[in-house]
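The values are calculated or read from the model by the stated rules, or taken from the named source; none is laboratory data. As the structure is a prediction and not an experimental result, all values here were calculated from the model. FYI the Cβ positions are ideal-geometry reconstructions off the backbone, even for glycines, and counts take in every protein chain you see. To get the accessible areas, we keep the full protein, side chains included, count just its heavy atoms, and leave off ligands, DNA and RNA. Shrake-Rupley method; radii C 1.70, N 1.55, O 1.52, S 1.80 Å.
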Amino acid sequence: NREAIHQTADQIAFSVSEEQILDAEDPETAAALGVQAVREGKADFLMKGKLETSQMLRPVVKKETGLGRGGVMSHIAINEIPAYHKLLLTTDGGMLPYPTLEQKKSIIENAVEVMRKLGCDTPKVCVLAASETPNPKMPESMEALALKEMNQKREIQNCVVEGPISFDLAMVKERATVKNYESPCAGEADILVTPNIHAGNILGKSLTEMAHGKMAGLIVGAKCPIVLTSRGSSAEEKFNSRMLAC
């Protein structure tokens, strides 16, 4: 909204030129114009504003005019948590509701690519479940085991995959010692892969709201990074996410 942009810019003494504004009457048009700007090389990445996530992503995933690369797009969150000794990536809390085994493989590959770009050459990936024991009655645990086996067969590369593994064993080495659980990933997780979007969303918001974590969130696997934060996110979180996109 051109008028609203100028009004806000005037309030904070920020200079905006006319050519910087893509005027849109509604959120759907705004999202479509943003995607078009990226495709034409006029923008480097997208950022969600006060749109619904579905409104933002609809033009992104369009086959002919969207930003797909032919693979899976997934959401990643980088977390800096006072109680943990290094950065932690959680995925997928914002894109794929109930990922298949093959989609989970792509989710891991997208997350590993991000961590390697951040300087972590061989990320430790923990595929979360309620227990570290595979159980046919819990399909998520069997998929976690299958992903570990893919890693051992080098079908998933440049990382170490452990699964199924519970959250406490992935994050706290002392818990693994007590339970005689041996793994290079125990207490050393770089990436946590959740069973579905609900677990990922709950985990991510728990880390920021209750564990005082600082978070930056993106959708990756597209032709450009897509900054995806909650409309209720703090200014700091939105800034961190933009920096991560850069």
Residue check, K153 without any contact (Cβ under 8 Å) to a residue 24 or more places away in the chain and out of contact with any helix residue (DSSP H, G or I) (no Cβ under 8 Å at 6 or more places or on another chain): yes
Matching option when the condition is in contact (Cβ under 8 Å) with a residue 24 or more places away in the chain and not in a helix (DSSP H, G or I), among I108, I76: I76
Of the criteria (1) of a type in the set (A, V, I, L, M, F, W, C); (2) buried (at least 18 other Cβ atoms within 10 Å of the Cβ); (3) free of Cβ contacts under 8 Å to residues at least 12 places away in the same chain, which one A235 fails: (2)
Filtered residue count, region 21-61, keeping only those that are free of Cβ contacts under 8 Å to residues at least 40 places away in the same chain, touching a strand residue (DSSP E or B) at 6+ places or on another chain (Cβ under 8 Å) and open to solvent by 60 Å² or more (accessible area, probe 1.4 Å): 1
Selected residue (criterion: most open to solvent (accessible area, probe 1.4 Å)) from residues of region 10-20 that are part of a helix (DSSP H, G or I) and closer than 29 Å to A222 by Cβ: E19
Residues (outside any helix (DSSP H, G or I), surrounded by 13 or more Cβ atoms within 10 Å (Cβ to Cβ) and not acidic (D, E)) located in region 84-105: Y84, L87, L88, L89, T90, T91, G93, G94, M95, L96, P99
Condition met for A216 (within 30 Å of P134 (Cβ to Cβ), in contact with a strand residue (DSSP E or B) (Cβ under 9 Å, 6 or more places away or on another chain) and not in a helix (DSSP H, G or I)): no
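Restricting attention to region 115-127, which residues are open to solvent by 20 Å² or more (accessible area, probe 1.4 Å), touching a strand residue (DSSP E or B) at 6+ places or on another chain (Cβ under 7 Å) and either under 14 Å from D92 (Cβ atoms) or not hydroxyl-bearing (S, T, Y) (or both)? Steps first, please.
Narrowing region 115-127 to residues open to solvent by 20 Å² or more (accessible area, probe 1.4 Å): 116-122, 124.
Now narrow it down to the ones that are touching a strand residue (DSSP E or B) at 6+ places or on another chain (Cβ under 7 Å): 122, 124.
Across region 115-127, the qualifying residue is only K124.
Inspect all residues belonging to region 84-99 and state whether any of them is hydroxyl-bearing (S, T, Y), in contact with a helix residue (DSSP H, G or I) (Cβ under 8 Å, 6 or more places away or on another chain) and more than 18 Å from A199 (Cα to Cα).
Looking only at region 84-99, we keep the residues that are hydroxyl-bearing (S, T, Y), and these are 84, 90-91, 98.
Of the ones still in play, those that are also in contact with a helix residue (DSSP H, G or I) (Cβ under 8 Å, 6 or more places away or on another chain) are 84, 90-91, 98.
Narrowing further to those that are more than 18 Å from A199 (Cα to Cα): 84.
Within region 84-99 (the criterion being hydroxyl-bearing (S, T, Y), in contact with a helix residue (DSSP H, G or I) (Cβ under 8 Å, 6 or more places away or on another chain) and more than 18 Å from A199 (Cα to Cα)), the answer is yes, since at least one residue qualifies.
Among the candidates A43, A24, A32, which residue alone is small (G, A, S) and part of a helix (DSSP H, G or I)?
On the way: A43 fails: part of a helix (DSSP H, G or I); A24 fails: part of a helix (DSSP H, G or I).
Sole residue among the options that is small (G, A, S) and part of a helix (DSSP H, G or I): A32.
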Selection status of E140, in a strand (DSSP E or B) and among the acidic types (D, E): no
Residues that are part of a loop (DSSP other than H, G, I, E, B) and open to solvent by 50 Å² or more (accessible area, probe 1.4 Å), drawn from region 143-159: K153, R154, E155, Q157, N158
Candidate set from region 175-228 (those that are closer than 20 Å to D121 by Cα and among the acidic types (D, E)); member that is least open to solvent (accessible area, probe 1.4 Å): D190
